[in-house]
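Quick notes on the structure that follows.
The values are calculated or read from the model by the stated rules, or taken from the named source; none is laboratory data. In this text the structure is predicted, and so the values were computed from the model without any measurement. Positions of Cβ are generated from backbone atoms using ideal geometry, with glycine treated the same way; all protein chains shown enter the neighbour counts.
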Amino acid sequence: MKRIKTAVIGASGYSGIELLRILVRHPGAELVAVTSRQFAGKTLETVFPRFRACGPEALLKFIEPDMDAVVASGAEIAFLALPHGVASEFAIGLLARGLKVIDLSADFRLDDPAVYQEFYDHPHPAPELLKESVYGLPEIHGTAISQARLVASPGCYPTSVLLPLIPLLRAKLIDPDSICVFSMSGVSGAGRKEALPLLFCECNESLRPYSVPKHRHLSEIEQELSRAAGTSVVISFTPHLVPVTAGMLTTTYVNPAAGQGRADLDALYAATYADEPFVRLLGRNGMPDTKNVVGTNFLDLGWAWDPRTARYVLMSALDNLWKGAASQAMQSFNLLNQFPAVTGLQSV
């Protein structure tokens with residue numbers, strides 16, 4: 001298997017660390033550059049002792065996030081594990097220097113720069129790149145990802161919402177106007193930063209909603225749902241912070257389309273995801289549990305029919321740092337390089 005020279009820009013955040021954990025054991029990746037302003041000059045194993053004895057990558061030194069230095073490393077693909085607004089600067093420069101880019105931020109997930117400005121409060125820094133970026137949800141856009149130069153890897157909330165809903169919208173089995181989503185995320189979803197609301201004593205033994213009624217991820221969720229439905233979709237979405245490190249559970253309530261009774265969602269989901277190794281179908285009345293997906297690239301999907309309200313209840317669980325971030329980006333890496341989908345991602 002050919003090894004692809006790979007860089008991680010912003011390698012010291014939570015998503016960056018998980019990317020490194022996957023990359024050092026990926027048979028098709030050769031880690032040649034990792035950047036961090038804070039840790040520049042220090043080796044990977046010094047900053048993160050978990051990487052001791054992981055081979056030559058353990059002695060790789062962090063460098064400043066300098067694009068010329070990344071190019072000089074020989075990197076062919078760069079992962080951007082950076083905040084939105086910062087990632088675009090590196091995407092522009094690295095693409096111009098001939099690298100492919102997999103961006104974990106929100107900078108290239110949206111088609112419309114006006115929607116980006118509405119949800120992220122500043123103009124899009126590279127609207128011309130929005131025309132070529134591919135929304136990196138492998139189970140939905142796999143072919144386009146395999147041919148892309150710029151992949152915009154989805155957020156954790158969108159992944160947990162979109163994979164259960166898209167097949168139903170495409171089949172016109174549900175009423176798009178009735179979608180109501182309740183999600184819960186582990187604290188790591190807020191990133192590796194010092195912030196009073198994220199301190200242990202503030203989060204422990206507590207559960208709270210946030211970013212209501214307009215979380216930023218709504219923009220990409222509604223974009224992709226609208227694509228699937230063929231019409232504009234606006235949903236209700238309430239995210240919650242729960243006192244666990246990692247994991248995400250999403251419950252979605254939705255009505256059947258007018259004139260539709262209860263459908264056999266098992267058959268529809270099986271037909272949609274039969275060839276997708278990372279969507280595990282739990283079937284009707286199957287209840288996903290975050291403990292079964294943390295540290296993996298799996299999304300577990302179950303559903304129920306509520307006869308009292310005549311609604312579907314769709315339930316999904318994933319790891320917000322893996323399938324919701326790092327390992328999903330690695331799934332796109334595999335597609336870009338024609339590797340088997342499961343390469344480097346066979347954790348259970």
**Request:** Sort out which residues of the stretch 199-243 are at pLDDT 90 or above and aliphatic (A, V, I, L, M), and write them in order of number.
**Result:** Val212, Leu218, Ile221, Leu225, Ala228, Ala229, Val233, Val234, Ile235, Leu241, Val242
**Prompt:** Of the residues that sit in the stretch 73-91 and are in a loop (DSSP other than H, G, I, E, B) and modelled with pLDDT of 95 or more, which one is farthest from Arg149 (Cα to Cα)?
**Reply:** Ser73
**Request:** Determine if the stretch 304-317 includes at least one residue that is assigned to a loop (DSSP other than H, G, I, E, B) and over 30 Å from Asp264 (Cα atoms).
**Result:** no
**Asked** So which of Ser188, Ser183, Ser160 ends up being touching a Gly at 6+ places or on another chain (Cβ under 8 Å) and either closer than 19 Å to Ser232 by Cβ or in the same structural domain as His217 (by TED's automatic domain parsing) (or both)?
**Response** Ser160
**Message:** Residue under question is Leu31, and the condition is that it be surrounded by 15 or more Cβ atoms within 10 Å (Cβ to Cβ), of a type outside the set (D, E, K, R), under 22 Å from Ser146 (Cα atoms) and at pLDDT 90 or above; does it hold?
**Reply:** yes
**Filter result (at pLDDT 95 or above, in a loop (DSSP other than H, G, I, E, B) and within 15 Å of Leu321 (Cβ to Cβ)) within the stretch 145-198** = Ser153, Pro154
**Asked** Somewhere in the stretch 257-271, is a residue farther than 21 Å from Val293 by Cβ and either assigned to a strand (DSSP E or B) or within 18 Å of the chain's Cα centre (by Cα) (or both)?
**Response** no
**Asked** For Gly55, all conditions in the list (1) out of contact with any Ser or Thr (no Cβ under 7 Å at 6 or more places or on another chain); (2) under 21 Å from Ser133 (Cα atoms) hold save one; what is the number of the exception?
**Response** (2)
**Prompt:** Among the listed residues Gly295, Gly324, which satisfies the condition of being free of Cβ contacts under 8 Å to residues at least 60 places away in the same chain and either assigned to a loop (DSSP other than H, G, I, E, B) or surrounded by fewer than 23 Cβ atoms within 10 Å (Cβ to Cβ) (or both)?
**Reply:** Gly295
**Prompt:** Which residues, taken from the stretch 1-45, are part of a strand (DSSP E or B) and among the acidic types (Asp, Glu)?
**Reply:** Glu30
**Complete:** Filtering the stretch 244-254 down to residues that are modelled with pLDDT under 95 and out of contact with any Asp or Glu (no Cβ under 7 Å at 6 or more places or on another chain) yields Val244, Thr245
**Test result for Ser211, in contact with a His (Cβ under 9 Å, 6 or more places away or on another chain), assigned to a loop (DSSP other than H, G, I, E, B) and not assigned by TED's automatic domain parsing to the domain that holds Lys100** = yes
**Request:** Examine the stretch 59-72 for a residue that is over 26 Å from Asp107 (Cβ atoms), assigned by TED's automatic domain parsing to the domain that holds Gly98 and not in a loop (DSSP other than H, G, I, E, B), and state whether such a residue exists.
**Result:** yes
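Check whether at least one residue in the stretch 112-132 is part of a loop (DSSP other than H, G, I, E, B), closer than 21 Å to Ala325 by Cβ and in contact (Cβ under 8 Å) with a residue 12 or more places away in the chain, and report yes or no. Lay out the reasoning, then the answer.
Here is the first cut: in the stretch 112-132, the ones part of a loop (DSSP other than H, G, I, E, B) are 112, 121-126, 132.
Restricting the remaining residues to those that are closer than 21 Å to Ala325 by Cβ gives none.
No, that holds for no residue.
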**Message:** Can you find a residue that is touching a Pro at 6+ places or on another chain (Cβ under 9 Å), touching a residue at least 24 places away in the same chain (Cβ under 8 Å) and more than 30 Å from Glu76 (Cβ to Cβ) anywhere in the stretch 145-153?
**Reply:** no
**Asked** Considering the stretch 124-182 alone, what residues qualify as being farther than 24 Å from Asp107 by Cα and hydrophobic (A, V, I, L, M, F, W, C)?
**Response** Leu168, Leu169, Ala171, Leu173, Ile174, Ile179, Cys180, Phe182
